[in-house]
Amino acid sequence: MLPEAEFVGYDPIKTAPPPPAAPVPMHPLRSAAYIGASTLLSMTQGLGMNLIATNIPQIQGYLGATNTETTWLIAAYMAPNVSLSIALIKIRNQYGLRNFAQLSLAIFVLVSLLHLVVTDLQSAIIIRFVSGIAAAPLSSLAFLYMLEAFTPARKMTIAICLVLTNISLASPLARLLSPTLLDIGQWGGLYTFEISLALIAFGVIYLLPLTPIPRAKVIEKLDIISYLLIAIGFGCIAVTLVTGRLYWWFEAPWLGVLLAIAVVTITAAVIIELNREKPLLDIRWIASKEIVHFAGTILLFRLVVSEQSTVANNFFQNLGLLNDQISMIYMVSMAAMIVAGLSCAAVMTPERVPAIHAVALMFLIAGSYMDSQSTNLTRPAQMYASQACIAAATALFLPPAMSVGLSSALKRGPNYILSFIIVFLATQSLGGLFGQAVFGTFITIREKFHSNILAESIVLSNPLVVQRVGQLTAGYSRSITDGTLLNAEGIALLSQQTTREANILAYNDAFLLIAGISLFALIILLTHVSLRALFRNRETVLAIQTS
């Protein structure tokens, strides 16, 4: 109620504020331009991250390094990239994200140019670290440009579906383009393409401005301290997840040191944020039941969709197939993602989120189980259907989950959007690395197990083993006349085949594990939905009885 002094001259009809004007729809051509800009930014960021990760064997030869050493290029890129999204929102509010993005893209182009003259691993690692910093705003810009193109009613449905589909397409597209780019210019071909995308993106950002927001001085000194602590912690975790499987978790003491540093720095950041009036991150809200459930769901999904980006691709590499020999499977995956993304955009509503998630999990179960029946004769053509199912699940699951989480954050106010974006991007970045680490480690352990089992049966007293050794050495009998050497060569060849079969069995175990995790998640989802419906019906009956 108004104070008594304010009743004088008060006319509710004349002084009531006018209703807000309806937003003017964007012209279809301009809207298409913003959608294209978002797609370009998604591809620039995604390809920049995946072109190196998918071509480690080729790059290591150029740099004269081992596979383990070359993997540090991925670790150097991800170390700063996984945490920079935390700083971007406040940077946007104070300086404008467009200005920051233009500066970052300019640095990104310069750094990419330096790649063309790098011939040693140490310099390449430093340059990749700077690239990870410079590329960080691109994913946020991709979201903003896609949201700009649609009316408010469609931002939470069509816009989110399209931008997340674009981000998912980057991984298979990088593998599809890599053989051609390497043929054109080897190491330089990858970065010439990356530079071209960055230059086009720079022009697009200049020509298509985002709707400006009021700027204010929001960055405080403690924000910088908190961010640095979080960046160090997240960076240490990223490096550990990328390199831990290669150096092995319990054999390299520095991996434990990195994890200890991560625990200390993140704990210190949490303590600082809990005792601030205007925190960088709302830790209490992030630790709430609703957000923990959301983060756990997204993290679990990122874990299981590693089936396609990590397990399936490594399975084909283990069979000796290269990117250009399995290019068709990437086309199938991309087509499935596009169809699933558009279908999700057409049917997604808040009420249908559980149903869409259930369909995505069923696709994951079916695709992973089909892949678990692989043999040494399996080729990409036998995996088209299964990989299409998994690609469709990737495009179906994320948009509804993000829409629900973002809507929840918006209800609490714009300050909670930052905390939500941090949760989402952290689970995506670190969740992807965690999935690669978990399944890579699982496959290594299972391969050793199957190798031991198979090796126990390879004894020369077994007539079948002797026969197999004779078959393998038949082609060498004319060039190797010494019987002992010929027999040793046969045993070595049989040992190689045994290792290959052990690897195939290990990958089948990983596929089956993913199917089992997806089935468990589906059971939990159906149980949760059933209990909610039961309680809702019970409350309705009680309300009718009391009335």
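Tell me, in nm to one decimal, what length is gained between Ala533 and Ser31 on full extension, where the rule is 0.36 nm per residue of separation less the Cα-Cα distance?
On the way: separation 502, 0.36 × 502 = 180.72 nm, distance 3.99 nm.
Stretched out fully, the Ala533 to Ser31 stretch lengthens by 176.7 nm.
How big is region 176-246 by the Kirkwood estimate over distinct Cα pairs, in Å? Working shown, then result.
Values: mean 1/r = 0.0595 Å⁻¹.
So the Kirkwood estimate lands at 16.8 Å.
Which residue, chosen from Ala426, Pro354, Gly46, occupies the Cα position most advanced towards the positive end of the dipole of the chain, where the dipole is computed from +1 (Lys, Arg) and -1 (Asp, Glu) charges on Cβ about the Cα centre?
Farthest towards the positive end: Pro354.
Lys/Arg Cβ at +1, Asp/Glu Cβ at -1, dipole of the chain taken about the Cα centre: which of Ile283, Ser83, Thr375 is farthest positive-ward?
Ile283
At 4 °C and 1.567 mPa s, grab the translational diffusion coefficient of the chain from Stokes-Einstein with a Kirkwood Rh over Cα pairs, rounded to a whole number in µm² per second. Walk me through the intermediate numbers first.
Numbers: Rh = 26.0 Å.
The diffusion coefficient I find is 50 µm²/s.
Which entries of Lys221/Lys411; Lys90/Lys289; Lys90/Lys221; Lys217/Lys289; Lys217/Lys411; Lys289/Lys411 show an alpha-carbon separation above 20 angstrom in the structure shown? Show your work: numbers first, answer last.
Numbers: Lys221/Lys411 28 Å; Lys90/Lys289 26 Å; Lys90/Lys221 12 Å; Lys217/Lys289 32 Å; Lys217/Lys411 24 Å; Lys289/Lys411 16 Å.
Distance filter (> 20 Å) returns Lys221/Lys411; Lys90/Lys289; Lys217/Lys289; Lys217/Lys411.
How do Lys448, Lys217 line up, fewest other C-beta atoms within 10 Å first? Walk me through the numbers before you get to the answer.
Working: Lys448 12, Lys217 7.
In increasing order of surrounding Cβ atoms, one gets Lys217, Lys448.
As an exercise, use a Förster radius of 41 Å and the Cβ-Cβ distance of Leu116 and Ala355 to find the FRET efficiency, rounded to the nearest 0.05.
Details: r = 50 Å, r/R0 = 1.21.
Using R0 = 41 Å, I get an efficiency of 0.25.
So how much slack lies between Arg500 and Gln186, counting 0.36 nm per residue of separation and subtracting their Cα-Cα distance, in nm?
Working: separation 314, 0.36 × 314 = 113.04 nm, distance 2.91 nm.
Roughly 110.1 nm would be gained on extension.
Alpha carbons only, please: Rg and Dmax for region 26-219, in angstrom.
Rg and Dmax of region 26-219, Cα atoms, are 17.2, 54 Å.
Give me the one-decimal nm value for the distance between modelled label points at Leu454 and Gln94, 7 Å along each residue's Cα-to-Cβ direction.
Placing both labels 7 Å along Cα→Cβ, they lie 5.8 nm apart.
List, largest first, the extents of the alpha carbons of region 95-136 along their principal axes, each in whole Å.
The Cα atoms of region 95-136 stretch 37, 14, 10 Å along the principal axes, largest first.
What share of all Cα pairs of region 221-277, in percent, falls into each consecutive 5 Å distance bin?
4, 22, 25, 18, 13, 9, 6, 3, 1
In what order do Glu351, Glu220 fall by count of nearby beta-carbon atoms within 10 Å, going from fewest to most?
Details: Glu351 7, Glu220 14.
By the 10 Å Cβ count, ascending, the order reads Glu351, Glu220.
By Kyte-Doolittle mean hydropathy of at least 1.0 and Cα axial length of at least 24 Å, which whole DSSP H helices of the chain are selected?
Numbers: long enough: 28-53 (37 Å, 0.75); 97-115 (26 Å, 1.51); 160-207 (35 Å, 1.34); 221-247 (39 Å, 1.51); 253-274 (32 Å, 2.25); 327-347 (30 Å, 1.92); 353-371 (27 Å, 1.47); 384-412 (44 Å, 0.86); 415-456 (62 Å, 0.87); 483-546 (94 Å, 0.76).
Passing helices, by number: 97-115, 160-207, 221-247, 253-274, 327-347, 353-371.
Which peptide among 240-250, 26-36, 376-386 comes first, and what is the full order, when sorted by highest mean count of other Cβ atoms within 10 Å? Don't skip to the end; give the middle numbers.
Values: 240-250: 17.5, 26-36: 13.7, 376-386: 15.4.
Peptide ranking by packing, descending: 240-250, 376-386, 26-36.
Dividing the convex hull volume of the Cα atoms of region 243-341 by its residue count, what figure in Å³ per residue is obtained? Walk me through the intermediate numbers first.
Working: hull volume 16.7 nm³, N = 99.
Measuring per residue, one finds 168 Å³ for the Cα hull of region 243-341.
Values quoted throughout were computed directly from the atomic coordinates according to the rules given, and no laboratory measurement underlies them. A quick note: this is a predicted structure, and the numbers were derived from the prediction, not measured. So basically every Cβ, Gly included, is an ideal-geometry build from the backbone, and we count neighbours across all protein chains shown.
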